[in-house]
Amino acid sequence: ERPHPGAQLRITDADGLRLTCFATNTTGMPIAALELRHRQRAQAEDRIRAARATGLRNLPLHNTAQNQIWLEIVQLALDLLAWMPMLALAGENRRWEPRSLRFRLLSAAAQIVTTARRRHLRFARHWPWTDVITDAMERLEALPNPG
C-alpha cells in the first residue's frame with residue numbers, strides 16, 4: 001500500500017510502497033473482511049494510547065484502594081475525552097489527541113463574570129482556540145436535555 005502523505009519511508013519500503021501484513025488463525029472469511037476487522041482494532045489502540053496519556057501509565061499512589069480511586073478518575077476523564085469531541089467539536093478538531101485537547105481547550109484562561117444575575121464565561125481574546133471553545137459550548141447547549 002502507499003504510505004499516507006507525509007509518512008517517512010522505511011528501509012523496507014520498496015519502490016515507494018509499504019508492505020504490510022497481519023497474521024490470523026480465522027478461516028472462512030474473505031481477506032477484505034479480515035483486513036477491515038484488523039483496521040478497526042486501531043480505534044481500540046487509540047483509546048489505550050489516550051488512557052496512558054490521561055494517567056493510566058503508572059499508578060501514583062501506594063495503597064490499592066487509593067489507586068482504585070485514581071483509576072475511576074481516569075475512567076471519567078476518558079469518557080469525557082471520548083464523548084466531548086463527538087458532541088462538541090467539528091472537523092479536524094475531533095481528531096485532537098488528549099495532550100492537544102488539554103493544551104488548547106482545557107487549559108484556556110477565562111474569567112467567570114456575573115452580570116444581571118447570570119454567569120458568563122469570558123475567555124482571553126488572544127487565545128488562538130477561543131473560537132473553537134465557544135463553538136463547542138454552543139453545540140453542547142444546543143443538545144437536547146437528556147433528563
Report summary line: The condition of being open to solvent by less than 50 Å² (accessible area, probe 1.4 Å), of a type in the set (A, V, I, L, M, F, W, C) and either in a loop (DSSP other than H, G, I, E, B) or farther than 24 Å from Ala51 by Cβ (or both) holds, among Val74, Val113, only for Val113
Query - Matching residues, segment 116-131, being of a type in the set (A, V, I, L, M, F, W, C) and within 15 Å of Leu106 (Cβ to Cβ) - result: Leu121, Phe123, Ala124, Trp127, Trp129
Requested in this report: Check segment 139-146 and report whether any residue there is within 25 Å of Arg47 (Cα to Cα) and part of a helix (DSSP H, G or I).
Outcome: yes
Query raised in the report: Among (1) under 18 Å from the mean Cα position of the chain (by Cα); (2) closer than 24 Å to Pro144 by Cα; (3) surrounded by 11 or more Cβ atoms within 10 Å (Cβ to Cβ); (4) at pLDDT below 90, where does Arg102 come up short?
Result: (2)
**Report entry** Hey, Arg47 assigned to a helix (DSSP H, G or I), among the basic types (Lys, Arg), under 30 Å from Pro98 (Cα atoms) and in contact (Cβ under 8 Å) with a residue 24 or more places away in the chain or not
**Finding:** yes
Report task. Could you pull out the residue among Arg10, Arg39, Arg2 that is part of a helix (DSSP H, G or I) and free of Cβ contacts under 8 Å to residues at least 60 places away in the same chain? Result -> Arg39
Query raised in the report: What about Arg122, is it open to solvent by 80 Å² or more (accessible area, probe 1.4 Å), assigned to a strand (DSSP E or B) and free of Cβ contacts under 8 Å to residues at least 60 places away in the same chain?
Result: yes
Report task. Please enumerate the residues belonging to segment 23-59 that are polar (S, T, N, Q), within 15 Å of the chain's Cα centre (by Cα) and open to solvent by 100 Å² or more (accessible area, probe 1.4 Å). Result -> Gln43
Query raised in the report: Only one of these conditions is not met by Arg52: (1) in contact with a helix residue (DSSP H, G or I) (Cβ under 7 Å, 6 or more places away or on another chain); (2) within 24 Å of Glu72 (Cα to Cα). Which number is it?
Result: (1)
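The values are calculated or read from the model by the stated rules, or taken from the named source; none is laboratory data. Remember, it's a predicted structure, so these values are computed and weren't measured experimentally. Reconstructed Cβ throughout: ideal geometry from the backbone, glycine too, with neighbour counts over all protein chains shown. Keep in mind that these areas ignore ligands, DNA and RNA; they rest on the heavy atoms of the full protein, side chains included. Shrake-Rupley method; radii C 1.70, N 1.55, O 1.52, S 1.80 Å.
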